[in-house]
Amino acid sequence: MTTNPTVYWKELALIAALTVAAVLGYSWLKAHDAWLRFQVESQSKDQQIALRDRQAAADRQTIEQLKKQAQTPQQIVRELPQVISLPQPPQESGVRSLGSGKLADSRLQTTDSLPEKPQPEGIFFPAADAKPLFDRLADCKVTESQLSACQQNFTDMKKERDLAAKARSGSFWQRAKQIAIGIAIGGAIGYAAHR
């Protein structure tokens, strides 16, 4: 059974063309799907980044208001747990500061007698230092919030970059390789069908 060589090459060309069309179509669909996934993920990551940025700005505004409200040592002691986590909440004692004359004098007057009230154990500092210390701790809290948001944004942006690279991976050379494989398979099938 012999066939006309012209018909054979036409059939082979048709099979090769169909194979190339199928490979290109499949490649385009894969690239299109990857691009759609990238767009969805990118929008999701952008929304997360915007949400974290808004949260960091809100935290900063809250802390700034807290700094304006906490002016007296009593207010600072009350608001301190909002800017720093401590194992035991601070308490304001009746002791004003070590710089006050009455307290320093009463301790020095008699060394043989016990004080009327036991003095609390702890670290004491002048009341004038409370506000700068509180403001510094509040600023640290804002910085920590912003740093956390930046680190998470950086991680999300790296993931987004990787998704973009993956979506772009259906490059010309990859498609050309798939087409060449398709042509080779088509040629082999055509040759086997001819024999």
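Calculate one ³J(HN,Hα) per residue across the range 56-64 by plugging θ = phi - 60° into the Karplus curve 6.51 cos²θ - 1.76 cosθ + 1.60, and present them in order as whole Hz with x for glycine and proline.
Ordered by residue, 3J(HN,Hα) equals 5, 5, 5, 4, 4, 5, 4, 5, 4 Hz.
How much length is gained if the chain between Trp28 and Arg54 is pulled fully straight, taking 0.36 nm per residue apart and subtracting their Cα-Cα distance, in nm to one decimal?
Gain on extension, Trp28 to Arg54, equals 5.5 nm.
Give a residue-ordered list of calculated ³J(HN,Hα) values for the range 24-36 (Karplus: 6.51 cos²θ - 1.76 cosθ + 1.60, θ = phi - 60°; whole Hz; x for Gly, Pro).
4, x, 5, 4, 5, 4, 4, 5, 5, 4, 5, 5, 5
Top to bottom by accessible area (1.4 Å), largest first, where do Phe124, Phe134 land?
These residues rank, largest area first, as Phe124, Phe134.
Estimate the FRET efficiency between Asp46 and Glu144 by the formula 1/(1 + (r/R0)^6), using the beta-carbon distance for r and 22 Å for R0, to the nearest 0.05.
The pair Asp46/Glu144 has a calculated efficiency of 0.40.
Residue by residue through the range 144-151, which ³J(HN,Hα) values in whole Hz follow from phi under the Karplus form 6.51 cos²θ - 1.76 cosθ + 1.60 (θ = phi - 60°), with glycine and proline marked x?
Couplings: 4, 5, 5, 5, 4, 5, 5, 5 Hz.
If Thr143, Thr19 are ordered by their accessible area, calculated over protein heavy atoms with a 1.4 Å probe, which sequence runs from highest to lowest?
Thr143, Thr19
Please list Tyr26, Tyr8 from largest to smallest accessible area, probe radius 1.4 Å, with all protein chains kept in place. Intermediate results must be reported in sequence, preceding the final value.
Values: Tyr26 135, Tyr8 25 Å².
Descending order: Tyr26, Tyr8.
The values are calculated or read from the model by the stated rules, or taken from the named source; none is laboratory data. Remember, it's a predicted structure, so these values are computed and weren't measured experimentally. Don't worry about glycine lacking a Cβ; one is built from the backbone with ideal geometry, like all the others, and counts go over all protein chains shown. The protein model used for the area step is the full one, side chains on, heavy atoms only, and it has no ligands, DNA or RNA in it. Shrake-Rupley method; radii C 1.70, N 1.55, O 1.52, S 1.80 Å.
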